[in-house]
1. Report the normalised scattering of the range 81-175 as log10 I(q)/I(0) at q = 0.10, 0.11, 0.16, 0.24 Å⁻¹, calculated by the Debye formula with identical scatterers on the alpha carbons.
2. Between exposed GluC sites (Glu not before Pro) in the chain, where DSSP calls loop and at most 10 other Cβ atoms lie within 10 Å, what's the longest gap?
3. In vacuo Debye scattering of the chain, one point per C-alpha: log10 I(q)/I(0) at q = 0.09, 0.13, 0.17, 0.20 Å⁻¹?
4. Relative contact order of the chain: what whole-number percent is it, with Cα pairs under 8 angstrom and at least 6 residues apart?
5. Please list the non-local residues whose amide H lies under 5 Å from the amide H of T104, H modeled 1.01 Å from N, same-chain partners needing a gap of 5 or more.
6. Could you pull out the trypsin sites (Lys or Arg not before Pro) across the range 41-95 that fall in loop regions by DSSP (anything but H, G, I, E, B) with no more than 10 other Cβ atoms inside 10 Å?
7. Testing the spin-label approximation: label points 7 Å from Cα along Cα→Cβ at R142 and D23. State their distance in nm.
8. So, in nm, how far is label D42 from label K89 when the simple model puts each one 7 Å beyond its Cα toward the Cβ?
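The values are calculated or read from the model by the stated rules, or taken from the named source; none is laboratory data. Model, not experiment: these values are computed from the prediction. Here the Cβ positions follow ideal geometry from the backbone for every residue, glycine too, while neighbour counts run over all protein chains shown. Only protein heavy atoms, including side chains, enter the accessible area calculation; ligands, DNA and RNA are left aside. Shrake-Rupley method; radii C 1.70, N 1.55, O 1.52, S 1.80 Å.
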Amino acid sequence: EGPSGPIEIGHLELAAPAYTRADLSLRASVEPHEAPQGQLGDLIIKIVDIEGPIHVDEIARRIAAAFGKARTGGRIVDATMRALQAAQKRSDNRLRRIGQFVLTDEQLATPPVRDRRAETGTILKAEYLPPMEIAAAAARIRAESGLMSPEEMTKAVARLLGFQRVGPDLSEAIL
C-alpha cells in the first residue's frame with residue numbers, strides 16, 4: 001500500500017538529545033550579589049557552555065541555585081547582568097548575546113536542538129525558547145520531510161523540542 005495523504009509527524013524519526021541543565025553548586029559563604037564578578041563570570045560561562053542558547057533570566061536562576069538560593073531576587077539579576085557584561089569584555093570571550101539569549105560562538109554556528117520532555121519549571125515557557133533553536137529544529141524537520149503546512153511545522157517543531165501540546169504562546173514563539 002503506497003503512502004497517501006500527508007505524512008504523519010508521529011512517524012518522523014527525528015529525535016533530539018535531552019535538554020541538559022547546568023546543575024552547579026558552589027561552597028559559597030557569600031550572597032550571589034556579593035561574590036567577585038570574575039567568579040560569577042566564570043559561572044556564567046560554564047552555564048552557557050552547558051545550556052546555551054539560554055535566556056538571561058534562566059542564567060540568573062542557575063546562579064541563584066548554585067549559591068543554594070531557591071529564588072532569584074533583583075540583586076541576583078543585577079549581579080548576573082553586570083557579570084555577563086564583564087565576561088563579554090574579557091579577551092577570551094566566547095559569549096554572544098542575541099536579544100535575551102546568551103550563547104557561545106559554536107552554539108551560534110550550529111544551534112543545539114534539545115528535547116525538554118523531562119524538564120519542569122520556567123524553562124518550558126515559550127518566551128524562554130531560543131529563536132535560533134526553533135529555527136534549527138524547523139530546518140531539520142524540513143530536511144527530513146520536505147514541505148508541510150505552517151500548522152504541521154509548528155506541531156513538529158514543538159514535538160521535537162519535547163512539547164506534547166501546542167498552546168497559543170508556544171505556537172506564537174515557533175512561528
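1. Those come out to -0.31, -0.38, -0.72, -1.25, one per q.
2. That would be 14-175.
3. Summing over Cα pairs of the chain leads to -0.36, -0.68, -1.02, -1.28.
4. 25 percent
5. It is R96, by chain and number.
6. On the way: sites: K46, R61, R62, K69, R71, R75, R82, K89, R90, R94; in loops: K69, R71, R90, R94.
The qualifying sites are R71.
7. Those two pseudo-labels are separated by 3.6 nm.
8. Label at D42, label at K89, 2.0 nm between them.
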